[in-house]
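Participant: The structure that follows is given in the form of structure tokens.
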Amino acid sequence: AQSVTQPDIHITVSEGASLELRCNYSYGATPYLFWYVQSPGQGLQLLLKYFSGDTLVQGIKGFEAEFKRSQSSFNLRKPSVHWSDAAEYFCAVRNNDMRFGAGTRLTVKP
Amino acid sequence: DSGVTQTPKHLITATGQRVTLRCSPRSGDLSVYWYQQSLDQGLQFLIQYYNGEERAKGNILERFSAQQFPDLHSELNLSSLELGDSALYFCASSVMDRADTQYFGPGTRLTVL
């Protein structure tokens, strides 16, 4: 069965520092992969997605993610975090249905 | 703004009651998905409809049901409500099916007292 693991429940970074949020998936074939962000009291907003092709995917708000088949990973990165990036981040895998990871809550220190 | 609308925003009801949540997909989207987000279960897929027909089912309880109407809006019906049904319920929509990107609505917060 497909599954998604986000090993980090909570991450704190300083404003301006780089960020990497981890995501590992378990699935027989290459799934469709997504990163969503959820601000408090809001719905989910799509940051980026990977279906096929170039394994480095650019998204909105300066985020990027790299698909690594050998590691079954799809980690989200940002070179310089802004205070407005504080939110909950969800990695998701799609085949017949969408499976979400448990989420990583990002806190940004001034 | 994703273009997906959900009503109501908040709903407070009592155990044993029945409620209906409504979702209007983005213009042109044929698929509608329902999700439940709770602190203990996280974000869980409930059910998907595509152009009026049920397409995929996830962890949806038998007390819950959904449908998609000819105008493509969808309703999620929750009956015999229990305290544990308190959660955020999200609707998402996509143009087609499967590989398509899903766009999420703002959610309906259900509180069962």
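The values are calculated or read from the model by the stated rules, or taken from the named source; none is laboratory data. Since the model is a prediction, treat every value here as computed from it, not as a measurement. Note: ideal-geometry Cβ built from the backbone for every residue, glycine included; neighbour counts use all protein chains shown. The accessibility values were calculated without ligands, DNA or RNA, using every heavy atom of the protein model including side chains. Shrake-Rupley method; radii C 1.70, N 1.55, O 1.52, S 1.80 Å.
Participant: Which of the residues belonging to region A:37-60 are among the aromatic types (Phe, Trp, Tyr) and in contact (Cβ under 8 Å) with a residue 60 or more places away in the chain? Break it down into steps so the answer makes sense when it comes.
Facilitator: Kept after step one, since they are among the aromatic types (Phe, Trp, Tyr), are these residues of region A:37-60: A:50-51.
Correct list: empty.
Participant: Can you name the residue in region A:8-29 that is in contact with a helix residue (DSSP H, G or I) (Cβ under 8 Å, 6 or more places away or on another chain) and open to solvent by 50 Å² or more (accessible area, probe 1.4 Å) and, of all such residues, is nearest to the other protein chains (Cβ to nearest Cβ)?
Facilitator: A:Asn24
Participant: Name the single residue, out of those in region A:62-96 being at the interface with another protein chain (Cβ under 10 Å from one of its Cβ atoms) and surrounded by 20 or more Cβ atoms within 10 Å (Cβ to Cβ), that is farthest from B:Asn59 (Cα to Cα).
Facilitator: A:Phe90
Results for (1) over 26 Å from B:Gln41 (Cα atoms); (2) out of contact with any Gly (no Cβ under 6 Å at 6 or more places or on another chain); (3) in a strand (DSSP E or B), shown as yes or no for each residue.
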{"site": "A:Gly16", "(1), (2), (3)": "yes, yes, no"}
{"site": "A:Gln45", "(1), (2), (3)": "no, yes, yes"}
{"site": "A:Ser52", "(1), (2), (3)": "yes, yes, no"}
{"site": "A:Glu66", "(1), (2), (3)": "yes, yes, yes"}
{"site": "A:Ala92", "(1), (2), (3)": "no, yes, yes"}
{"site": "A:Leu106", "(1), (2), (3)": "no, yes, yes"}
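Participant: Hey, can you tell me all the residues within region A:18-37 that are over 17 Å from A:Gln58 (Cβ atoms), at pLDDT 95 or above and in a strand (DSSP E or B)?
Facilitator: Across region A:18-37, the qualifying residue is only A:Asn24.
Participant: Conditions: (1) in contact with a Gly (Cβ under 7 Å, 6 or more places away or on another chain); (2) exposed (fewer than 13 other Cβ atoms within 10 Å of the Cβ). A:Thr5 meets all but one. Number of the miss?
Facilitator: (2)
Participant: Then there's this: Give region B:54-104 a look and list any residue that's outside any strand (DSSP E or B) and either in contact with a Pro (Cβ under 6 Å, 6 or more places away or on another chain) or open to solvent by 70 Å² or more (accessible area, probe 1.4 Å) (or both), or say none.
Facilitator: B:Asn59, B:Leu61, B:Glu62, B:Pro70, B:Asp71, B:Leu72, B:Glu82, B:Leu83, B:Met96, B:Arg98, listed by residue number.
Participant: Continuing with this model, one more query. Between a first residue in region A:1-22 that is within 13 Å of A:Val108 (Cβ to Cβ) and of a type in the set (Asp, Glu) and a second residue that is open to solvent by less than 30 Å² (accessible area, probe 1.4 Å) and outside any loop (DSSP other than H, G, I, E, B), which pairs have beta carbons less than 6 Å apart while being 6 or more apart in sequence or on different chains?
Facilitator: Between residues of region A:1-22 that are within 13 Å of A:Val108 (Cβ to Cβ) and of a type in the set (Asp, Glu) and residues that are open to solvent by less than 30 Å² (accessible area, probe 1.4 Å) and outside any loop (DSSP other than H, G, I, E, B), the close pairs are A:Glu15/A:Val108.
Participant: Consider A:Val57 carefully, then state whether it is open to solvent by less than 70 Å² (accessible area, probe 1.4 Å) and more than 13 Å from the chain's Cα centre (by Cα).
Facilitator: no
Participant: Within region B:21-44, work out how many residues are open to solvent by less than 10 Å² (accessible area, probe 1.4 Å) and within 10 Å of another protein chain (Cβ to nearest Cβ).
Facilitator: 2
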